[in-house]
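Enquirer: Handing you this structure, nothing more for now.
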Amino acid sequence: MRHSSMKVFLIMICAIFLVGLVFGASQAPAKEQLISVSTGGTGGVYYPYGGGLAEIWTRYVPGVKAVAEVTGASVENVRLAHRGETLIGEVMNDVAYQAYYAEGRFKGKPQKILAMFQMYPHHYHVVALKGSGIKTIYDIKGKHVSVGAPGSGTEFKTNLVFKALGISYKDFKVHRLSFTENAHALKDKTIDVGIWDVAAPTSSVMDLATTRDIVLISFSDEDIKKICDAYPFYSPFVMPPGTYKGVDYPVKNPSVWNTVLCNADVSEDLVYKLVKAVFEHKDYLEKIHPFAKYTTPENALAHSAIPLHPGAIKYYRELGLKIPDRLIPKK
């Protein structure tokens with residue numbers, strides 16, 4: 001009897017212990033999900049904008065810890081998102097379009113990405129010094145021209161713009177410099193033309209204009225049409241007079257928007273919560289960078305170059321917005 005009682009007692013103790021383990025596990029906090037946002041260099045808009053997104057998501061989406069990562073920008077960000085290494089990426093729409101539809105440098109390799117929302121537009125700056133004799137885009141022939149840093153969205157766009165206009169890299173001496181390097185090289189006259197594809201005004205061109213007299217090349221209406229007809233992700237834009245010191249005339253150029261995209265396999269629920277948090281706290285994002293004023297649900301639908309993630313679609317429909325057929329992903 002004594003042995004039987006002891007067995008019963010031990011069984012009861014084990015049962016209580018197991019229940020405690022199960023109950024304790026159920027009460028333990030859920031594991032925090034780490035989300036990396038691939039941005040660009042620290043000197044551009046992508047990095048602070050991405051940092052603002054990371055702060056909003058960490059503060060307002062339960063169970064999420066988000067961080068902004070310095071990267072080589074658009075092309076690299078697409079590949080990181082496709083592989084699921086960062087999940088979220090900031091990307092120019094020309095890169096996003098070709099990546100999704102497996103065109104250009106992504107030919108035959110469709111990337112597993114979908115859009116969440118639009119950030120702001122980029123404008124194509126072709127900058128020279130006054131007195132250089134460069135008045136149109138065709139005057140760059142035979143000159144020293146920086147087409148953008150290697151692998152950057154600027155060089156990606158330059159390739160497409162020049163192709164549409166029948167300009168070859170063989171027509172001029174090619175340099176591949178960053179924005180800061182562009183400004184220094186123009187000051188030193190080691191290049192004749194520097195190209196930026198950024199939101200305007202941008203600090204490196206502003207700084208250059210304070211110490212040198214600059215000109216920005218304005219594209220003809222005919223050339224803008226050639227570019228936009230060739231590539232549906234570009235649209236006409238006119239940079240107002242006075243955007244930069246000494247540039248007292250309107251500058252016509254092809255514009256491209258920037259997308260926040262994600263790996264297509266991210267859950268609908270998570271993307272819904274991320275998109276909702278951004279728009280509910282957009283005032284904070286605008287304090288981080290004023291270009292966030294362009295980040296609106298309406299612009300998400302008007303300017304997205306690739307289909308939207310189902311989680312983003314769910315949020316926009318809750319707002320009563322109609323989703324264009326072109327932005328609904330095919331199953």
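The values are calculated or read from the model by the stated rules, or taken from the named source; none is laboratory data. Fair warning: this is a prediction, and the values are worked out from it, not measured in the lab. In this analysis, Cβ positions are derived from the backbone assuming ideal geometry, glycine residues included, and neighbour counts consider all displayed protein chains.
Enquirer: Looking at the stretch 288-301, can you tell me whether even one residue there is assigned by TED's automatic domain parsing to the domain that holds T202 and surrounded by fewer than 16 Cβ atoms within 10 Å (Cβ to Cβ)?
Expert: Looking through the stretch 288-301, none of the residues is assigned by TED's automatic domain parsing to the domain that holds T202 and surrounded by fewer than 16 Cβ atoms within 10 Å (Cβ to Cβ).
Enquirer: Restricting attention to the stretch 231-274, report how many residues are hydroxyl-bearing (S, T, Y), at pLDDT 95 or above and under 18 Å from M119 (Cβ atoms).
Expert: Residues in the stretch 231-274 being hydroxyl-bearing (S, T, Y), at pLDDT 95 or above and under 18 Å from M119 (Cβ atoms): 1 in total.
Enquirer: Now for a separate question. Enumerate the pairs (first residue in the stretch 223-240 and over 15 Å from V126 (Cβ atoms); second residue anywhere and of a type in the set (D, E) and at pLDDT below 95) with beta-carbon separation below 8 Å, excluding pairs fewer than 6 apart on the same chain, so at least 6 apart or on different chains.
Expert: Within 8 Å, the pairs are Y231/D94; F233/D94.
Enquirer: May I pose another question? Hey, could you check the stretch 129-153 for residues that are modelled with pLDDT of 95 or more, of a type in the set (A, V, I, L, M) and assigned to a loop (DSSP other than H, G, I, E, B) and say which is surrounded by the most Cβ atoms within 10 Å (Cβ to Cβ)?
Expert: Residue satisfying both the conditions and the ranking: V147.
Enquirer: Need the failing condition index for V256 against (1) out of contact with any Asp or Glu (no Cβ under 6 Å at 6 or more places or on another chain); (2) surrounded by 14 or more Cβ atoms within 10 Å (Cβ to Cβ), just the number.
Expert: The failed condition is (1).
Enquirer: Among the residues that make up the stretch 74-89, is at least one of them touching a Ser or Thr at 6+ places or on another chain (Cβ under 6 Å), among the polar types (S, T, N, Q) and not assigned by TED's automatic domain parsing to the domain that holds Y231?
Expert: Yes, some residue in the stretch 74-89 is touching a Ser or Thr at 6+ places or on another chain (Cβ under 6 Å), among the polar types (S, T, N, Q) and not assigned by TED's automatic domain parsing to the domain that holds Y231.
Enquirer: Of (1) within 18 Å of the chain's Cα centre (by Cα); (2) surrounded by fewer than 18 Cβ atoms within 10 Å (Cβ to Cβ), V238 satisfies all except one. Which?
Expert: Failing condition for V238: (1).
Residue-by-condition table, conditions (1) in a loop (DSSP other than H, G, I, E, B); (2) at pLDDT 95 or above; (3) under 21 Å from E103 (Cα atoms); (4) in contact with a helix residue (DSSP H, G or I) (Cβ under 8 Å, 6 or more places away or on another chain):
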| residue | (1), (2), (3), (4) |
| --- | --- |
| E155 | no, no, yes, no |
| V161 | no, yes, yes, yes |
| I167 | yes, yes, yes, yes |
| K170 | no, yes, no, no |
| V174 | no, yes, no, no |
| L177 | yes, no, no, yes |
| E181 | no, no, no, no |
| H184 | no, yes, no, no |
| K187 | no, yes, no, yes |
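Enquirer: Give the residue that is nearest to T296 (Cα to Cα), with candidates limited to residues of the stretch 218-259 that are hydrophobic (A, V, I, L, M, F, W, C) and in a loop (DSSP other than H, G, I, E, B).
Expert: Residue satisfying both the conditions and the ranking: F233.
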